[in-house]
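None of the figures in this text is laboratory data; all of them are computed from the coordinates on show. Bear in mind the structure is a predicted one, so any value in this text is a computation, not a measurement. Positions of Cβ are backbone-derived with ideal geometry, glycine not excepted, and every protein chain shown enters the neighbour counts.
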Amino acid sequence: MSTGITAGAMSGASSGTVPVSTSGTTSGTVASGGTVACNNPTFAPAAGTVVAGTAVTITAAGLPANGFIYYTTDQTMPTHASMFVASGGTVTVSQTETITAIAYAMGACSDSAVATATYEVAVTCEGCGAPPACAAPTFMPAAGAVVLGTTVTIVPPANFPANFPQGSGTIYYTVDGTIPTHASPAYSGPIQINATETIHAIASDPAVCTDSTIALATFTVVAPCACCDPLQGCIAFLPVAFNPPTTTQANDFLVQLTDSDPAATICFTFGANNPPACTVTAASATCSGTSQTYNPVAGLGATGSVTINGGVTTAAGTVVVNAMSCAPGNAAAGVVSQTYTLQAAAPTMQGPAPSPTLLYQAGGYMPTLSSVTAGSTLNYTADGSTPTCATGTLLAMNPGAVPNFTTNSTFNAIACKTGYAPSTVGGPFAYNVVLPTPTFVDSASTTTVEGTGTYDAAPTIQFDDGIADGVTGLFYCSTTDSSAPVCGAAGACTHGTAGTTLAITTTGTVVNVVACAPNENTSAGGTATYTLQLDAATDATTE
């Protein structure tokens, strides 16, 4: 005999005489209406004075497995787009800084209160006191009048690392008249002067000294002298101009060399401390030694072209190009050098793009990793660790798809290529898979319309998650007091009752339910209102 009760899915009311109302619900609230916030992050060691390189552990008690701690070190407020670690992860402190952090777990708890900890890096020698300021950098040549194309070297302080510009020491500079900061370009090679300009620079080495005073040098472009030997009636050449000047690019590229005299011969070489040479006579000017003769119409990789590729760069992806111009019967121009870097482009992830609300699908997802650096290989990790060119999982191709997944997944990736510096790490690419909204299934089918009278039996409602029914660890949390249920860990509910069925015994019962699983995000809430009606007297003969 039918109970005569039906329950509609959350997306609409049922048909028939048992009305089902729908309403939206929001995860993370309790019966009182307050927000369930994650526990605040804590820091170990506590804020204070530490030595450089100290690993600070950030923990949020009770944070679920799908939760993260988002943090910043530049005194800005963290968001869900900031750097993050799992609870118990570490942040290395190498200089005096403030760590600002929040904890969050989608579907389990909302943003915690902001926690901060300031760490002051102590000097590790006895009696040293506070770190001194770095000495200011200097310029070579010194400020003054120079000819067009002159290159200026910024010379670091004496106590900078010997392998500068590698190492911990950095010189930040500007050429637009502004004061340099740590957000300004970092010096990596000579600066070519193509117009009157002022270079400002500061030196900084967190391991040794604080920011130096600002050094500045103004260079005025003047015409070159008429000739080194006026008696011969010769003319002097302007230095060779490079286009582009010192730069970093993600693919092989050409450097164009030009001279004020289109008929001049331009000689060039690759490598530091390897100047080009030109043999000049009254009738000829010929590149000599290891020099190559520049051909302005030569294409990428062709003889005579200045092709920047992995064949001329160091293992770190850098190369110095040296050039000079000369012509028969004239003095050769001075050697000009520029430093170029090849660095693989950081990988990106598409198809689909990372998302905090990716709807669960039974077939899973296989996003594609790619780098725009042609011929690069891709290594990735899916465990939160940072890949290198020697660690992680190597994709078979670029672009290439990661293995299929149906659970919350986070990827980091790096692009690598011989003769290129490794890319910066792409990611974290976080995919939060959200379970489908549960539907409601009555325990019996309606066969007759119920009328006024005594209701025969209370129904038992079963929750169903459709295509996600096979998800490992799937369970449901429900309430009947109009509050929003909240998933917990290990099959338990932080708020509400765990179970796949629910008996309806009272008319007007409002059921809210969410689907939960340990490796997926909580579903949107399903809602249904049940009204129990009495049997009509005429119905007794049919049941």
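Quick check: pseudo-label points 7 Å beyond the Cα along Cα→Cβ at Thr391 and Ala44, how many nm apart are they?
In this crude label model, Thr391 to Ala44 measures out at 2.3 nm.
Find the Cα radius of gyration of the range 297-423, compare it with 2.2 N^0.38 Å by division, and give the number to two decimals.
Normalised by 2.2 N^0.38 Å, the Cα Rg of the range 297-423 equals 1.52.
Given Cα positions, please report Rg to Rh for the range 138-212, the hydrodynamic radius being the Kirkwood one.
0.97
When the chain is fully extended, how far beyond the present Cα-Cα distance does Thr196 get from Ala298, taking 0.36 nm per residue of separation? Mind dumping the intermediate values first?
Working: separation 102, 0.36 × 102 = 36.72 nm, distance 3.20 nm.
Full extension of this stretch gives 33.5 nm more.
How would Thr265, Thr98 line up from fewest to most surrounding beta-carbon atoms within 10 angstrom?
Sorted ascending by nearby Cβ count, the order is Thr98, Thr265.
Expressed as a rounded percentage, what relative contact order does the range 348-434 have, with Cα pairs under 8 Å and six or more residues apart?
On the way: 189 pairs, mean separation 31.0, N = 87.
Computed value for the range 348-434: 36 percent relative contact order.
Between Thr472 and Thr220, what is 0.36 nm times their sequence separation minus the Cα-Cα distance? Round to one decimal in nm.
83.6 nm is the gain from fully extending Thr472 to Thr220.
Can you order the peptides 291-302, 401-412 by their average number of other Cβ atoms within 10 Å per residue, highest first?
Top to bottom by mean Cβ count within 10 Å: 401-412, 291-302.
When N is the residue count of the range 42-122, what does its C-alpha Rg come to as a fraction of 2.2 N^0.38 Å?
For the range 42-122, the normalised Cα radius of gyration comes out at 1.05.
Using the Kirkwood formula on the Cα atoms of the range 348-434, what hydrodynamic radius do you get, in angstrom to one decimal?
13.1
If each of Ala353 and Thr90 carries a label point 7 Å out from its Cα toward its Cβ, how far apart are those two points in nm?
3.5
What is the order of Asp176, Asp469, fewest Cβ neighbours within 10 Å to most?
Arranged by neighbour count, lowest to highest, Asp176, Asp469 become Asp176, Asp469.
Rank the residues Ser385, Ser423, Ser325, Ser168 as a footprinting-exposure proxy: fewest other Cβ atoms within 10 Å of their Cβ go first. Before the final figure, lay out each step's value.
Values: Ser385 10, Ser423 22, Ser325 30, Ser168 15.
Lowest to highest Cβ neighbour count: Ser385, Ser168, Ser423, Ser325.
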